[in-house]
Number of protein chains: 2
Amino acid sequence: MFSKTCEYAIRAMIYIAQKSKTGNRVGIKEIAQGIDSPEHFIAKILQDLGKKDLVQSAKGPTGGFYHDAQSLEKSLADVVRAIDGDKIFTGCGLGLKQCSEDRPCPIHNQFKKVRGEIKLMLENAKVGELSEELEQRLTFLKR
Amino acid sequence: MFSKTCEYAIRAMIYIAQKSKTGNRVGIKEIAQGIDSPEHFIAKILQDLGKKDLVQSAKGPTGGFYHDAQSLEKSLADVVRAIDGDKIFTGCGLGLKQCSEDRPCPIHNQFKKVRGEIKLMLENAKVGELSEELEQRLTFLKR
DNA sequence: TAAATAAAAGACAAAAATATCTTTTATTTA
DNA sequence: TAAATAAAAGATATTTTTGTCTTTTATTTA
């Protein structure tokens with residue numbers, strides 16, 4: 001459904017949200033550990049998310065990644081859009097460039113419906129909220 | 001959502017269904033043309049689908065690809081499973097290997113629902129039926 | 001049976017995604 | 001201010017996906 005990059009991105013966002021709720025910053029090493037991802041790879045991804053202001057960071061000792069109030073309010077849809085673009089929300093299921101109401105692919109309408117639900121689901125999933133269930137150990141980010 | 005390979009596979013299946021309804025076989029060249037795919041690439045894919053008995057073929061002059069009654073009854077779910085496996089039907093949205101009811105990822109339940117709908121949608125989409133709308137030019141497979 | 005045709009098969013190439021390693025820059029604190 | 005720390009940046013490597021080219025095999029028909 002999502003690229004590996006995007007999966008890591010989502011997991012990291014939620015992990016950082018949980019760990020930085022108390023005001024602490026989290027180092028890249030701990031993040032990679034905590035979400036079971038390649039260290040340098042998730043570092044790149046977070047750099048990217050940082051540029052797009054989905055996550056905050058600080059260099060040097062006591063530095064690391066964290067979320068400000070706005071980032072905590074970001075939805076998974078925001079993350080997906082930042083990494084994978086909006087192909088999943090608007091693209092044709094069969095890969096046609098000009099698939100539309102006027103010139104639909106054979107599964108255009110069925111797909112439209114499903115895509116809408118995926119979008120809704122991701123819009124409603126906020127990073128901050130998801131991190132709370134993680135905190136309570138109701139959900140998991142590894143393995 | 002699907003791999004390019006899978007997109008081509010679905011498009012080819014529907015195209016062949018339409019073209020072979022009258023008993024004719026369709027050559028790989030015409031298929032590639034008809035669904036706007038690389039010729040040799042779709043050839044490989046059809047070889048694979050052929051081995052899995054989702055499409056029939058014959059060599060030599062008057063040869064080509066076609067569907068028998070059973071293949072026409074195949075669903076897109078069958079095609080997707082043959083090419084991309086069942087990851088899309090059962091895999092974790094965040095890429096966790098052991099995501100389950102007992103040990104769910106942060107979006108396990110929401111995803112489960114969406115996956116179920118995707119599965120249903122694809123199970124209900126039969127190659128033969130989809131080819132009829134194509135025949136009537138209500139749907140399209142190119143561009 | 002020979003020539004023509006079309007899929008099957010195998011080898012190779014290019015591009016994209018994923019992953020790793022090294023150097024640089026900014027920041028903190030002793 | 002020097003040393004330590006941690007992210008940023010850049011370069012490189014590996015793997016997977018996608019796409020191309022060539023040769024072989026099977027089949028038909030003249």
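Just a few scattered comments:
- Extreme residue, farthest from B:Tyr15 (Cα to Cα), among residues of region A:106-120 that are more than 7 Å from chain B (Cβ to nearest Cβ) and free of Cβ contacts under 8 Å to residues at least 12 places away in the same chain: A:Leu120
- Residues (free of Cβ contacts under 8 Å to residues at least 40 places away in the same chain and either closer than 26 Å to B:Pro38 by Cβ or in contact with a Gly (Cβ under 8 Å, 6 or more places away or on another chain) (or both)) located in region B:121-143: B:Glu133, B:Arg137, B:Thr139, B:Phe140
- Scanning region A:1-14 for residues that are in contact (Cβ under 8 Å) with a residue 24 or more places away in the chain and either facing chain B (nearest Cβ under 8 Å) or open to solvent by 20 Å² or more (accessible area, probe 1.4 Å) (or both) yields A:Met1, A:Phe2, A:Ser3, A:Thr5, A:Tyr8, A:Ile10, A:Arg11, A:Ile14.
- Scanning region A:24-49 for residues that are open to solvent by 10 Å² or more (accessible area, probe 1.4 Å), closer than 22 Å to A:Ala125 by Cα and away from DNA strand C (no atom under 13 Å from the Cβ) yields one hit, A:Gly34.
- Checked against (1) open to solvent by 30 Å² or more (accessible area, probe 1.4 Å); (2) within 14 Å of DNA strand C (Cβ to nearest atom), A:Lys21 meets all criteria but (2).
- Selection from region B:3-53 of residues that are under 16 Å from the mean Cα position of the chain (by Cα), in a loop (DSSP other than H, G, I, E, B) and either over 21 Å from A:Cys105 (Cα atoms) or among the basic types (Lys, Arg) (or both): B:Lys52, B:Asp53
- Meets criteria (within 7 Å of chain A (Cβ to nearest Cβ), part of a loop (DSSP other than H, G, I, E, B) and not small (Gly, Ala, Ser)) for B:Arg103: yes
- Pairs with Cβ under 6 Å, 6+ apart, first in region B:49-65 and more than 17 Å from B:Cys6 (Cβ to Cβ), second among the polar types (S, T, N, Q) and part of a strand (DSSP E or B): B:Phe65/B:Ser57
- Set side by side, the residues A:Ser57, A:Ser71 differ, and just one is among the polar types (S, T, N, Q) and open to solvent by less than 30 Å² (accessible area, probe 1.4 Å), which is A:Ser71.
- Scan region A:72-128 for residues that are polar (S, T, N, Q) and over 22 Å from the mean Cα position of the chain (by Cα) and the total you get is 4.
- Boolean, B:Lys97 is within 28 Å of B:Lys52 (Cα to Cα), in contact (Cβ under 8 Å) with a residue 12 or more places away in the chain, facing chain A (nearest Cβ under 8 Å) and not in a helix (DSSP H, G or I): no
- Hits in region A:132-143 (condition: modelled with pLDDT of 95 or more, surrounded by fewer than 13 Cβ atoms within 10 Å (Cβ to Cβ) and either more than 23 Å from A:Ala69 (Cβ to Cβ) or at the interface with chain B (Cβ under 7 Å from one of its Cβ atoms) (or both)): A:Arg137, A:Leu138
- Any hit, region A:65-78, residues being part of a helix (DSSP H, G or I) and within 13 Å of chain B (Cβ to nearest Cβ): yes
- Test: residue in region A:120-131 that is open to solvent by less than 10 Å² (accessible area, probe 1.4 Å) and in a loop (DSSP other than H, G, I, E, B): yes
The values are calculated or read from the model by the stated rules, or taken from the named source; none is laboratory data. Just so it is clear, the structure is predicted and the values come from calculations on it, not from any experiment. Glycine also receives a Cβ, built like all others from the backbone with ideal geometry; neighbour counts cover every protein chain displayed. For accessibility, only protein heavy atoms count, side chains too; no ligands or nucleic acids. Shrake-Rupley method; radii C 1.70, N 1.55, O 1.52, S 1.80 Å.
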